[in-house]
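To start, the structure under review is shown below, and the notes come after it.
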Amino acid sequence: MSKKFETEAIRTQVERSQFLEHSAPMYLTSSFVFEDAEDMRASFAEEKDRNIYSRYSNPNTSEFIEKVCKMEGAEDGFAFASGMAAVFSTLASLLDSGDHILSAGSVFGSTHSLFANFFPKWNILYDYFNINELDSIETRIKPTTKILYAETPTNPGVDVVDLEVLGKIAKKHNLILIIDNCFASPYLQQPIKFGADLVIHSGTKLMDGQGRVLAGITVGSRELVDKVYRFSRITGPALSPFNAWVLSKSLETLALRVDKHCENALKLAEYLEKHSKINWVRYPFLKSHPKYEVAKKQMKAGGCVVAFEVEGGVEAGKKFFDAIKMLSLSANLGDSRSIVTHPASTTHSKLTKEERLASGITDGSIRISVGLEHIDDIIADIEQALE
Ligand SMILES: *Cc1c(COP(=O)(O)O)cnc(C)c1O
């Protein structure tokens, strides 16, 4: 990245059209036209770098991809209709029947379902490693292991995985390291610096930041992204140009928004830590977080998600939920509106209790995605609900 993060987020733009518009227009077109037969032939033969069809590329999508590449320090990328389309297409494009994924045990619920319920159909198998026992990773690598996969901070346990350690292991064993960086956003953490080969985001979260569009993106080395692109231009999970336009606009304020999310989240975490009705609180930038030092090493701030447990188990947790007045009871995160989720009964209900505990989710765990409302109003709602 030649300029600073905030500047690239604003100044990265596709070439202006004949109208010399200041900000990018929407290119709501499914296909593009050609000058003549030779132009068309050369374009389809990929002798020319130009737009052909929006399933392959589109100016709005290219602008979004270019911004994220600059933010993550990546060579190239491909944008998807959702975060899960990015996860599935990225893995499916790189894995063959018989290959093995070694993944952190605490992954997004749908990613877990993909590993456990769908990939085995194509004889793609997986194993989990415990993120608190990184020494055990090497003992779990098989001759067929091709990909090392993790998320950090984790969802919904808000644990932290040491990216530097993963980067070293991946390099030593010649594995492709893929990091789902959705919880941090490219503003707080750039996994490529620590050795990641590909970085995946759900653009639905902090990138959009207002809970309006679904999106996903994968960025990384040109060689691997090319494989993802070859697969995806055929299978068709491409991001809509309209959503890409929304996201490019949202990224202009990513740094400002994420700074405020983190400021509010830290204040809320500190408030909860002092509250007598709270059993425990997890937030990466609280000194009491077991991975505080790792978080400080790889993240600029702690992110927007705080996890905690209300004293009194599931019943107390349910009561707390029903007493909430302003915060939204929902399952999204990274929204300007603060959101409360009960993972055990919603996002992670398809996991067994043991699998949930391995991901740091007790039955009474509550996850808050701290929004951009005034912190006094966020705390006031939580305080009255706890009472
Ligand atoms: C939400 C999320 C996804 C999936 O993204 P969608 O846009 O909902 O498909 C993947 N990984 C993590 C960590 C997420 O939070």
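The values are calculated or read from the model by the stated rules, or taken from the named source; none is laboratory data. In this text the structure is predicted, and so the values were computed from the model without any measurement. Backbone-built Cβ (ideal geometry, glycine too); neighbour counts: all protein chains shown. Each accessible area value is taken on the protein alone, full model and side chains, heavy atoms only, with ligands, DNA and RNA left out. Shrake-Rupley method; radii C 1.70, N 1.55, O 1.52, S 1.80 Å.
Based on the Cβ-Cβ distance of Asn279 and Lys121, what FRET efficiency does E = 1/(1 + (r/R0)^6) give at R0 = 51 Å, to the nearest 0.05? Mind dumping the intermediate values first?
Numbers: r = 41 Å, r/R0 = 0.80.
Result of the calculation: an efficiency of 0.80.
Could you compute the net charge surrounding Glu6? Neighbours are other residues with a C-beta less than 12 Å from the C-beta of Glu6; K and R count +1, D and E count -1.
Values: positive: Lys3, Lys4, Arg11, Lys67, Lys70, Arg257; negative: Glu8, Glu252, Asp259.
Once all neighbours under 12 Å are counted, the net charge is +3.
Classify the range 156-309 as rounded, prolate or oblate, taking a ≥ b ≥ c as the square roots of the eigenvalues of its Cα gyration tensor: rounded when a/c is under 1.5, otherwise prolate if a/b is larger than b/c and oblate if not. If you can, show how the numbers build up before the last one.
Working: a/c = 2.50, a/b = 1.39, b/c = 1.80.
Judged from the Cα gyration tensor, the range 156-309 comes out oblate (a/c at least 1.5, b/c at or above a/b).
Considering only protein heavy atoms, what per residue accessible area in square angstrom results for the chain with a 1.4 angstrom probe? Don't jump to the answer; show the numbers that get you there.
Working: 17280 Å² over 387 residues.
About 45 Å² of surface per residue is accessible.
If you count only protein heavy atoms and use a 1.4 Å probe, how large is the accessible surface of His275, to the nearest 10 Å²?
Here the residue's solvent-accessible area equals roughly 40 Å².
Among Gly167, Leu329, Ala255, whose Cα sits farthest toward the positive end of the charge dipole of the chain (+1 at Cβ of Lys/Arg, -1 at Cβ of Asp/Glu, about the Cα centre)?
It is Gly167, whose Cα lies furthest towards the positive end.
Work through the residues other than Pro25 whose Cβ is under 14 Å from its Cβ and net out their charges, Lys, Arg +1 and Asp, Glu -1.
Values: positive: Arg16, Lys249; negative: Glu15, Glu21, Glu63.
Computed value for this residue: -1.
Leaving out ligands, DNA and RNA, what percent of the accessible area of the range 143-248 is carbon and sulfur, probe 1.4 Å? Could the numbers behind the result be given before it?
Details: 1900 of 3440 Å².
The nonpolar share, carbon plus sulfur, comes to 55 percent.
Relative to the Cα centre, what is the charge dipole magnitude of the chain, using +1 at the beta carbon of each Lys and Arg, -1 at the beta carbon of each Asp and Glu, and rounding to the nearest 20 debye? If you can, show how the numbers build up before the last one.
Details: 44 positive and 51 negative charges, 53 e Å.
Taking the Cα centre of the chain as origin, the dipole is about 260 debye.
I need the shape label for the range 50-91. Rule: rounded when a/c is under 1.5, else prolate if a/b > b/c, else oblate, with a, b, c from the alpha carbon gyration tensor. It would help to have the intermediate numbers written out before the result.
Values: a/c = 1.99, a/b = 1.05, b/c = 1.89.
In terms of gyration-tensor shape, oblate.
Can you tell me the length gained on complete extension of the stretch Ser349 to Ile324, counting 0.36 nm per residue apart and subtracting the Cα distance?
This chain segment gains 6.8 nm when fully extended.
Kindly list the residues of the range 63-84 that lie in the label zone of Ser2, defined by a backbone N under 17 Å from the point 7 Å along the Cα-to-C-beta vector.
Residues passing the 17 Å test: 66-76.
Work out the FRET efficiency for Lys267 and Glu315 from their Cβ-Cβ distance, taking R0 = 45 Å, and round it to the nearest 0.05. All intermediate terms of the calculation are to be shown ahead of the outcome.
Numbers: r = 28 Å, r/R0 = 0.63.
The calculated FRET efficiency here is 0.95.
Figure the gain on full extension for Glu373 and Glu133 (residue separation times 0.36 nm, minus the Cα-Cα span) and round it to one decimal in nm. Walk me through the numbers before you get to the answer.
On the way: separation 240, 0.36 × 240 = 86.40 nm, distance 3.77 nm.
The Glu373-Glu133 span can extend by a further 82.6 nm.
Provide the descending list of Cα extents for the range 1-152 along its principal axes, expressed in whole angstroms.
So the extents along the principal axes, rounded to whole Å, are 58, 40, 25.
What's the carbon and sulfur percent of the range 1-66's accessible surface, probe 1.4 angstrom, rounded to a whole number?
Details: 2380 of 4580 Å².
Ligands and nucleic acids excluded, carbon and sulfur give 52 percent.
Hey, in the GNM for the chain with a 10 angstrom Cα cutoff, which one of Leu28, Leu254, Leu372 fluctuates hardest?
Comparing Leu28, Leu254, Leu372 in a Gaussian network model of the chain, the most mobile one is Leu28.
Let me see the P(r) profile for the chain: every Cα-Cα distance counted, bins of 10 Å, each bin given as a percent of all pairs.
5, 23, 32, 24, 12, 3, 1, 0
Among 347-355, 375-383, 194-202, 237-245, what's the highest-first ranking by average C-beta atoms within 10 angstrom per residue? Could the numbers behind the result be given before it?
On the way: 347-355: 14.3, 375-383: 16.0, 194-202: 25.4, 237-245: 21.8.
Taking the mean over residues of other Cβ atoms within 10 Å, the ranking is 194-202, 237-245, 375-383, 347-355.
Given contacts defined as C-alpha pairs under 8 Å and at least six residues apart, what's the relative contact order of the chain, whole-number percent? Write down the numbers at each step before the final one.
On the way: 765 pairs, mean separation 68.5, N = 387.
It comes to 18 percent, rounded to a whole number.
Ser221 to Glu164: FRET efficiency via 1/(1 + (r/R0)^6), r the Cβ-Cβ distance, R0 22 Å, to the nearest 0.05?
Numbers: r = 18 Å, r/R0 = 0.84.
Approximately 0.75, to the nearest 0.05.
Can you compute the label reach from Ser336? Point 7 Å from Cα along the Cβ direction, backbone N cut-off under 12 Å, restricted to the range 250-288.
250, 253, 257
What residue among Pro156, Pro186, Pro143 has the largest mean-square fluctuation in a Gaussian network model of the chain, using Cα springs under 10 Å?
Top of the fluctuation ranking is Pro143.
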